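See below for the structure under consideration.
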Amino acid sequence: MAGLASAFGSGAMTNSISEIADARVIFVVGSNTTEQHPMIAMHMLEAVDRGATLIVADPRKTQIAAFAHTHLRQRSGTDVALLNGIMNVIIGEGLVDINFVRRRTENFDEFEKVVKRCTPEVAEKITGVPASDIQRVARIYATEKRSMLFYSMGITQHVTGVDNVRSCANLVMLTAHIGQPMTGLNPLRGQNNVQGACDMGALPDVYSGYQKVADARARKKFESAWRRKLPSARGMTMIDMFDSAREGRLKAMYIVGENPVMSDPDTSHVVEAIRKLDFLVVQDIFMSETAELADVILPAVTFAEKDGTFTNTERRVQKVRKAVRPMYGAMPDWKIIAELSKKMGYDMGYRAAHEIMEEAALLTPVYGGILHHRLDDFGLQWPCPDADHPGTPFMHRKKFAKGLGTFNPIEFTPPDETTDMTYPFILTTGRLYFRYHTATMCRRTATLEREEPECFVEINPKDAGRIGVRSGNSVKAVSRRGEIVVKALVTDRTPEGIVFIPFHFREAAVNLITSPAVDPVAKIPEFKVCAINLVPVIPKPGERPKNRYNRKEDLKILNELYEEPEVPS
Amino acid sequence: MEKVSTICPYCGCGCGLYLHVENGLITGVSPSAHHPVNHGSLCVKGWNCHEFVQHPDRLKYPLVRKDGILQKSSWEDALDLIASRLSGTKEKYGPDAIGILSSAKCTNEENFVMMKFARAVIGTNNIDHCARL
């Protein structure tokens, strides 16, 4: 988001999902859309049915890539070079929207100098994508009026994550594919309310609505509303917190609904950091790997047992409604925090979730008109500054949130970790269709557990032949930080030299071996590039693989399920 | 059977769906036919999103570690302990020795309250969530 904010002044999907079906060109970079955002992919495929051109840039041959008219298989971590190559063609062939660039953007000359050096031939050398493909894609994307650009974690989870996002923003501004329906730069957010958590200021440097903590006026507004003196220095990001805990400076942590032991890179360091804490509170719905290390665990409720709102990736704030009473003795998270803060001498005084939203609306300009009673149909898309505003389907119409859009000149820099003789493969991690994040939820759903019960590593047939493994064999994946054992899956989905492991499985937690390198600005870990070696594991004679999934057992548990909830005092 | 309109808890698409409730239990899911995102369809995760809600592994009561073992506790005791330990840490090492991780799985309201708790009650800007993962 830091990348988008520096270009446009606001970090969110610029256009709406319902516009996708009418687009003419859909350019997807680093997103496995059919598996990770199936309903958005549905709109994309509808557009393809209506005659749109689908272009996918991804090293892996993902499902969406199989539908694509053009699939660019760049080497992992070379997205900047690919995008610069495309922009070089656009500038060189005079496809730039000069009017738009002159009126609404700044810093074009600096940017042009950098891009001029990256001809399609240079880009071909770095990315491995044929220059003719780069030229073709550039022409298709730039000449069509209704071109939408999508990206996801394939762009952001690199040490150059912010550079990658800025390059995407450059491309969009160069061709004026922004500020109109069926255009724009559209990051697809991975979790149901990651947009909302950012909007509500669960970030170290901003209050709700991206109002900077360093800005004295914003701080004063919150100080007078909350009747407390507020700190002005920016806080630590999650990665900083664990570093600081390891050095013994951070003493206590309060973790709500997260599982950093599974999801963060280089797990053993995270565990070491957590062990050093004096005090750890975890608030969650299930016992997670992180909760096992906690001093106090508090049971929270799921989405079905509370009222509130989620903000989806297209900025649509939608109502979540309570369907059943809190199961067992759990309490909604906001109630727990409010109780706790009362005990610490600060009474928040909320009686229901809609009162919290009223306070947030008062303090947050972009959420100004977002109140529960207005969300009853299909919600509202922010920016929505007042109670009569109908919401905003596409942003940056007349001008960018920060005034002029900024071109950032971006040079290609290679990924942090490169392959060598000992670690010859590039490991990239990701998700699966049937799984979700650290799998605390979907692992407890029989249908989903049945589909993908085991972790695997995707290997290209040529690589598999070279190291001598077949599908189903056990392989040891070794990096500079650790090793895990997984089943091999030989497939040409992954190109030669690259292997893919999903990160959902606790038996083979891939984050034991991922690289701790982070983007210097946004602090996003480089999950998509890490050098590893693969060693076949030879089984002992007579050893049989044990079958982990047991449907009978699962049904039995489901039948014995219900317990009368204890009402909390 | 009662149908409660709500939003899928999995990915960022934000599909609209109905939870079917019978006798205080969720028995099924059906998609919202006119929702602008999903137009009456759902992916495999959405169709099964009610199942984990009633899973017996759910945490049922607060747990507090005593002599190295996690033991059952009441809400009152658990919250008292947290309040005193956090206040103690704040006094001894300053508010910036406390870190808060909020969640992209929680509602907007809950994230707002978490942020208010970190900034107004604890007095630190050390608040973050898993946006980068």
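The values are calculated or read from the model by the stated rules, or taken from the named source; none is laboratory data. Note that the structure is predicted; figures quoted are calculated from it, not measured. With ideal geometry, Cβ positions are generated from the backbone for all residues, glycine too; neighbour counts draw on all protein chains shown. Surface accessibility is based on the protein's heavy atoms, side chains included, excluding ligands, DNA and RNA. Shrake-Rupley method; radii C 1.70, N 1.55, O 1.52, S 1.80 Å.
Taking the criterion of being buried (at least 18 other Cβ atoms within 10 Å of the Cβ) and among the aliphatic types (A, V, I, L, M), the residues of region A:416-445 that qualify are A:ILE426, A:LEU427, A:LEU432, A:ALA439, A:MET441.
Scanning region A:307-317 for residues that are open to solvent by 10 Å² or more (accessible area, probe 1.4 Å) and either within 7 Å of chain B (Cβ to nearest Cβ) or part of a helix (DSSP H, G or I) (or both) returns a single hit, A:ARG316.
Take A:MET262 and decide whether it is closer than 17 Å to A:ASP205 by Cβ, buried (at least 23 other Cβ atoms within 10 Å of the Cβ) and modelled with pLDDT under 95.
Working: closer than 17 Å to A:ASP205 by Cβ: no; buried (at least 23 other Cβ atoms within 10 Å of the Cβ): yes; modelled with pLDDT under 95: yes.
Spelling it out, it is not the case that A:MET262 is closer than 17 Å to A:ASP205 by Cβ, buried (at least 23 other Cβ atoms within 10 Å of the Cβ) and modelled with pLDDT under 95.
If you check B:ALA33 against the conditions, is it out of contact with any strand residue (DSSP E or B) (no Cβ under 6 Å at 6 or more places or on another chain) and among the aliphatic types (A, V, I, L, M)? The answer is yes for B:ALA33.
Considering region A:87-145, the qualifying helices (runs of 4 or more DSSP H), each wholly inside and each with 2 or more residues that are without any contact (Cβ under 8 Å) to a residue 40 or more places away in the chain and over 20 Å from A:ASP58 (Cβ atoms), run over A:98-104, A:108-117.
Only residues that are in contact with a strand residue (DSSP E or B) (Cβ under 6 Å, 6 or more places away or on another chain), charged (D, E, K, R) and open to solvent by less than 10 Å² (accessible area, probe 1.4 Å) were counted across region A:295-306, and they come to 0. Of all the listed residues (A:GLU292, A:GLU355), the sole one being facing another protein chain (nearest Cβ under 9 Å), closer than 30 Å to A:ARG480 by Cβ and either surrounded by fewer than 24 Cβ atoms within 10 Å (Cβ to Cβ) or at pLDDT 95 or above (or both) is A:GLU292.
Note on region A:332-352: residues that are more than 7 Å from chain B (Cβ to nearest Cβ) and either closer than 17 Å to B:SER103 by Cα or in a helix (DSSP H, G or I) (or both) amount to 4. Scanning region A:477-513 for residues that are under 17 Å from the mean Cα position of the chain (by Cα) and not hydrophobic (A, V, I, L, M, F, W, C), we see that the one that is surrounded by the fewest Cβ atoms within 10 Å (Cβ to Cβ) is A:PRO502.
Looking only at region A:47-58, decide whether some residue is touching a helix residue (DSSP H, G or I) at 6+ places or on another chain (Cβ under 8 Å), in contact (Cβ under 8 Å) with a residue 12 or more places away in the chain and within 14 Å of chain B (Cβ to nearest Cβ). Checked against the condition, which is being touching a helix residue (DSSP H, G or I) at 6+ places or on another chain (Cβ under 8 Å), in contact (Cβ under 8 Å) with a residue 12 or more places away in the chain and within 14 Å of chain B (Cβ to nearest Cβ), region A:47-58 yields at least one hit. Here A:HIS373 fulfils each of the conditions (1) more than 30 Å from A:GLY77 (Cβ to Cβ); (2) more than 14 Å from chain B (Cβ to nearest Cβ); (3) part of a loop (DSSP other than H, G, I, E, B) apart from (3).
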